[in-house]
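Undergrad: Right, I'll just put the structure down here and ask away after.
The values are calculated or read from the model by the stated rules, or taken from the named source; none is laboratory data. All of these numbers come straight from a predicted model, not from anything done at the bench. No Cβ is skipped: glycine too gets one built from the backbone with ideal geometry, and neighbour counts run over all protein chains shown.
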Amino acid sequence: MTESELFETLRGVSVDSAWTCLSAAGFPDTFVQGLQCLHPDRKMVGRAITMKYLPMRRDLAESLKLSERGMGNNVGPKNATPGDVLVIDACGISNGGAFGDILVAGLQANGGAGIVIYGAMRDLSALREMAVPIYYTATHAAGSRGMMCVDFGVPVNCAGVAVAPGDILLGDAEGVIIIPRRVAEEVAVNAAALESKELFLRRKIESGDAKVDEAYPMSARLQAEYEAYRRERDDRNARD
């Protein structure tokens, strides 16, 4: 499937279903724990671009030639393209907000699809009025003191989960999951099928047509009814 089809499929599934299918594919530890979600009503889907920070050291900043290399706080927003999710490894530093509304506006202007930061955000009052989904570990009124951006477009640590540029990120009210690109289509297809099956079961229970012990594990009767439901749905979709 194309990338746009992949993103659209993932928008229709939950992080929970994606985790189930990602775990089955051999990646059980890519749910990012400990994040706060600024917009729990918004789904986030996109490809990772990354920024890496370290605690500030003036001598390292000079020896790494950060200014000459353009490693300022704006390196992610200014290089973003439509569909990118900016993943920021700010080392969990929480005594200053690495990002605020101006940088988020820059990301949004370039089509960025979200921000996930292992560290602090600032300007939350303004960010609540903006469209970009944002996940963060802390907040602080101060700017990005005590830290320096040292690299862009490299693998980073996001609250204990490794993220590589090009990974696919899915976020909802539950949190954020990192999907390696090579299994993203498999996970998306299987998660969509799982969502359909669980919705069918939930509706059966809610309507009183089935008991929960028939759903887990799924009884032969419900399995047969679900297969008939799925064939009818697929035929209807094919006609449309």
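Undergrad: Looking at (1) surrounded by fewer than 19 Cβ atoms within 10 Å (Cβ to Cβ); (2) outside any helix (DSSP H, G or I); (3) in contact with an Asp or Glu (Cβ under 6 Å, 6 or more places away or on another chain), which one does Ile178 not meet, given that it meets all the others?
TA: (1) is the only condition that Ile178 fails.
Residue-by-condition table, conditions (1) at pLDDT below 95; (2) more than 14 Å from the chain's Cα centre (by Cα); (3) exposed (fewer than 15 other Cβ atoms within 10 Å of the Cβ); (4) assigned by TED's automatic domain parsing to the domain that holds Pro165:
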| residue | (1), (2), (3), (4) |
| --- | --- |
| Lys43 | no, no, no, yes |
| Gly46 | no, no, no, yes |
| Thr50 | no, no, no, yes |
| Tyr53 | no, yes, no, yes |
| Leu66 | yes, yes, no, yes |
| Gly76 | no, yes, no, yes |
| Asp84 | no, no, no, yes |
| Ile93 | yes, yes, no, yes |
| Ile117 | no, no, no, yes |
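Undergrad: Among the residues of segment 26-60, how many are within 20 Å of Thr2 (Cα to Cα) and outside any loop (DSSP other than H, G, I, E, B)? Spell out how you get there, then give the answer.
TA: Filtering segment 26-60 down to residues within 20 Å of Thr2 (Cα to Cα) leaves 43-49.
Keeping just the survivors that are outside any loop (DSSP other than H, G, I, E, B) gives 44-49.
Going through segment 26-60 one residue at a time, the tally reaches 6.
Undergrad: Still on this structure, please answer the following. Collect the residues in segment 1-25 that are in contact (Cβ under 8 Å) with a residue 40 or more places away in the chain, out of contact with any Leu (no Cβ under 9 Å at 6 or more places or on another chain) and assigned to a loop (DSSP other than H, G, I, E, B), keeping them in residue-number order.
TA: Met1, Gly12, Ala25
Undergrad: Any residue at all in segment 111-121 that's hydroxyl-bearing (Ser, Thr, Tyr) and over 15 Å from Thr30 (Cα atoms)?
TA: Let us first name the residues in segment 111-121 that are hydroxyl-bearing (Ser, Thr, Tyr), namely 118.
Next, from what is left, pick out any that are over 15 Å from Thr30 (Cα atoms): none.
Checked segment 111-121: no residue is hydroxyl-bearing (Ser, Thr, Tyr) and over 15 Å from Thr30 (Cα atoms).
Undergrad: When you look at Leu38, is it touching a helix residue (DSSP H, G or I) at 6+ places or on another chain (Cβ under 8 Å), under 17 Å from Asp172 (Cα atoms) and either touching a residue at least 24 places away in the same chain (Cβ under 8 Å) or crowded, with 20+ Cβ neighbours inside 10 Å (or both), yes or no? Give the derivation first.
TA: Working: touching a helix residue (DSSP H, G or I) at 6+ places or on another chain (Cβ under 8 Å): yes; under 17 Å from Asp172 (Cα atoms): yes; either touching a residue at least 24 places away in the same chain (Cβ under 8 Å) or crowded, with 20+ Cβ neighbours inside 10 Å (or both): yes.
When the stated conditions are applied, Leu38 passes them.
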